[in-house]
Amino acid sequence: MAKSKKNSNHLDLNDPQYYLNRELSWLEFNSRVLHEACDTRTLLLERLKFLAIFSANLDEFFMVRIAALKQQVEAKVAKLTPDGRTPQEQLNDIRSKLSPLVTKQHQQFEEVLQTQLVSHGIHILDYINLNQKQRSYLDNYFEEQIFPVLTPLAVDPSHPFPFISNLSLNLAVVVKNPDTEEEFFARVKVPNVLPRFLPLPPELGISETGNPVHWTGVPLEQAIAHNLEFLFPGMNIQEYHPFRITRDADLALEEDEADDLLLAIEQELRKRRMGGTPVRLEIKSHTPDPIRSRLLQDLDLTENDVYQVDGLLGLRDLMYFMALPLPELKEPPRQSVVPSRLQRLREPSLTSDPLELEEGQDFFAVIREKDLLVHHPYQSFSSTVVRFITHAAHDPNVLAIKMTLYRTSGDSPIVKALIAAAENGKQVSVLVELKARFDEENNIYWARSLERVGVHVVYGLVGLKTHCKTVMVVRREKDRMRRYIHIGTGNYNPKTARLYTDLGLFSCREELGADITDLFNFLTGYSRQKSYREVLVAPVNMRDRFLALIHREIENVNNGFSGRIVAKMNSLVDPQIIATLYEASRAGVQIDLIIRGICSLRPGLKDISENIRVISIIGRFLEHSRIYYFHNNEQEEIFIGSADWMSRNLDRRVEVITPIKDPDIAKDLQELLGIMLADNRQAWELQSDGSYIQRHPGEDSPETNSQKILINMALRSTGIASNLIDAKKSYYYTD
């Protein structure tokens, strides 16, 4: 067959100049999060929320990514990244990129948002500015509620520098003995068992402007700092300075050497609680050099590990203010609806059990009619996924339930349903992924709860995280067994399902059921399954299948047809996938990528990626769904599932991607992709240099906010408009 002219030119598509650094790309993502806090179109308390998210994201970045890079430097790792950087070069570049972002964050809070909060009756005061009545109240509160919790720790030859726990806020205190004039250093931990912000009674919230006062108070550390004489009686308080540290918090686990994975992870969690190596010190910019040097020396850190700020430390705690009853300063409550095909499954009564079914109708009958796609949080997670599992647990015709659990909530109704299923005599098998980062402890708790009632609990495969999201229900129906399947893009977690956009497919197709049966045998037994009928499974066949799908688009273009790929995911990092997308672009395949977070591909490079466009959507909900569309010479194929195009997902995790066979669902997903590609409110366009430019509506163009459009589409599907929500209707559901 004839090859395109571009493909006949030899280029090394693995050249580092064609790749963006994953760590710097992640910082660009977090910069877009920060922008939402700076955008005047964002409601005030939502802006505080985005500041908090920016900080929480950074904490995890340091605990995992920075910690890993520092370990590589210490181990003298010489391997370069696909973009050609050493570990030390990455640390240097991260520092250069991050410092101005941290400064921008604190300036936004101290110089912009604080003023706006005051204008709306929210006063975060400095302790020194309190009037006498306010100070008296807080002093009494300190003595009664705070003082008993505090433990001052001296630092001297007989008292070594104390252990500073990860992410804790502390005060470095210098006191003087008035008799000897000798100075001493001490550390006081700001207890995280108390609220970070201490509210004053309403009658003490005095407004100088005469406007209504909704909240008045001070940060906890200031109440402690101005009462240090209670902690050091007889001593003179010379100075105090807040500081905060971040430690390496990733698990170091050799699975091959762990006879009992559950016990091994519990031991590693104890080490994490004790804390790994410090990787960051946050201090105020006016902290004196002697205090700064003392902290660096005792924590074994360098100046490159210091981030100094003006104002409050630990802005992740600003999430506190989202609980204020000020709806005009927040997005309207999330509105989830029951899919129209499931509406008949509930009695339209608020007094009836929401899981009670009308006679002769059940969830399984709906799936038997045809496949069902659900889209969270626009459609209710509780009335779809939770209901499916709960109904299966109590249906006398259900014989077995098999499920993977990567992350779930602390009060998970899904786990409770699985326990009920086991107690009802059903065969229940659950793969609990103990290595789900920062959810390990929660998963251990649920694993033990499930084991106590007789659930078969397995912990995955050595060397692989089980990240796929699958449920299989085996049901006896007349003279046959039927398998009902759910495959999702997100975790079985009712709490995150309120905040993350995810998709789920319900089906009872025989081929899909057979594939998922083989998958569970692969996960729980000694199966060496190498082929599947429909699904793409990592690390078995997913990489090869995706590469083949991209190459098919190239072949179609080379044969004179059109080629088109649209892919939505969280991150794109895998070098082989990127190089193959470059090949496709050079052949003339048109490629649109919707990538929320990290993207190592450079779009718009002449003769390399001119036909590739990349956008990122940052909004009220975290874009978490994965969708893959291939034009296939007008025989479109579309897939959803758990995997991003990252090496870890394709090679080191168990992932599942399922094809969409129902033509109506395929059209719905194509419409969804089209809505997101048209977004001009929350979408950012990636430039070839790695920077992003936010889209804005033209002068004569309406604003296209994809998430708001999808909210309204979900509501319209129930026959009501978004401004006519009636919580008493059976089609409206609050997860």
Would you please give the residues with an amide H less than 5 Å from that of residue 624, counting only those at least 5 places away or on a separate chain, with H modeled from the backbone geometry? 501
Take the residue pairs 97/667; 104/708; 49/97; 133/495; 330/568 and return only those whose Cα atoms are more than 31 Å apart. 97/667; 133/495
Accessible surface, per residue, of the chain when the full set of protein chains is kept, probe 1.4 Å, Å²: 43 Å²
Among segment 292-331, those whose backbone N falls under 16 Å of a label point 7 Å along Cα→Cβ from residue 141 are 320-321, 324
How would you rank 49-55, 319-325, highest first, on the average number of other Cβ atoms within 10 Å across their residues? 49-55, 319-325
State, to one decimal in nm, how far the label point of residue 544 lies from the label point of residue 298, with both points 7 Å from Cα in the Cβ direction. 5.8 nm
Normalised contact order of segment 132-241, rounded percent, pairs of Cα under 8 Å and 6 or more residues apart: 31 percent
May I ask you to evaluate 6.51 cos²θ - 1.76 cosθ + 1.60, the Karplus curve with θ = phi - 60°, for each residue of segment 605-614 and list the ³J(HN,Hα) values in order in whole Hz, giving x for glycine and proline? 7, 4, 6, 10, 9, 5, 9, 10, 10, 10
Normalised contact order of the chain, rounded percent, pairs of Cα under 8 Å and 6 or more residues apart: 13 percent
Roughly speaking, to the nearest percent, how much of segment 114-223's 1.4 Å accessible area is carbon and sulfur? 52 percent
Between helix 261-274 and the chain: long-axis angle, C-alpha atoms, 0 to 90°, nearest 10: 30 degrees
FRET efficiency for residue 334 and residue 647, using Cβ-Cβ distance with R0 set to 22 Å, rounded to 0.05: 0.05
Going 7 Å from the Cα of residue 341 along its beta-carbon direction, which residues of segment 509-551 have the amide nitrogen within less than 15 Å of the resulting point? 509-510
Applying the Karplus parametrisation 6.51 cos²θ - 1.76 cosθ + 1.60 with θ = phi - 60° to the phi angles of segment 37-49, what ³J(HN,Hα) value in whole Hz is obtained for each residue in order, glycine and proline being reported as x? 6, 9, 6, 5, 6, 7, 5, 4, 5, 5, 5, 4, 4
For residue 235, what accessible surface area do you get with a 1.4 Å probe? Give it in Å², rounded to 10. 50 Å²
Rank by packing, highest mean first: peptides 376-382, 469-475, with packing defined as the count of other Cβ atoms within 10 Å averaged across residues. 376-382, 469-475
Using a basic spin-label model with each label point 7 Å from the Cα along Cα→Cβ, how many nm lie between residue 534 and residue 478? 2.1 nm
Leaving out ligands, DNA and RNA, and with a 1.4 Å probe, what % of the accessible surface on segment 638-677 is carbon or sulfur? 45 percent
Volume per residue (Å³) of the convex hull spanned by the alpha carbons of segment 551-635 is 85 Å³
Of the heavy-atom accessible surface of segment 547-635 (probe 1.4 angstrom), what whole percent is carbon and sulfur? 45 percent
Can you tell me the 0 to 90 degree angle between the C-alpha axis of helix 289-299 and the longest principal axis of the chain, rounded to 10? 50 degrees
Got a sec to turn the phi values of segment 694-708 into Karplus ³J(HN,Hα) couplings, 6.51 cos²θ - 1.76 cosθ + 1.60 with θ = phi - 60°, whole Hz, x for Gly and Pro? 6, 6, 9, x, x, 4, 9, 10, x, 6, 10, 9, 4, 5, 5
Applying 1/(1 + (r/R0)^6) with R0 = 56 Å to the Cβ-Cβ distance of residue 112 and residue 400, what FRET efficiency is obtained, to the nearest 0.05? 0.50
Mind listing which trypsin sites (Lys or Arg not before Pro) in segment 54-86 are in a DSSP loop and have 15 or fewer other Cβ atoms within 10 Å? 76, 79
Just the ratio, please: alpha-carbon radius of gyration of segment 604-648 over 2.2 N^0.38 Å, N its number of residues. 1.49
Nitroxide proxy distance, nm - points 7 Å out along Cα→Cβ at residue 17 and residue 284: 4.9 nm
Area projected by the alpha carbon convex hull of segment 24-84, averaged over all directions, nm²: 4.8 nm²
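The values are calculated or read from the model by the stated rules, or taken from the named source; none is laboratory data. Not measured: the values here are computed from a predicted model. Here the Cβ is made from the backbone with ideal geometry for all residues, glycine too, and neighbour counts use every protein chain on show. Just so you know, the surface numbers come from the protein's heavy atoms only, side chains and all, with ligands and any DNA or RNA stripped out. Shrake-Rupley method; radii C 1.70, N 1.55, O 1.52, S 1.80 Å.
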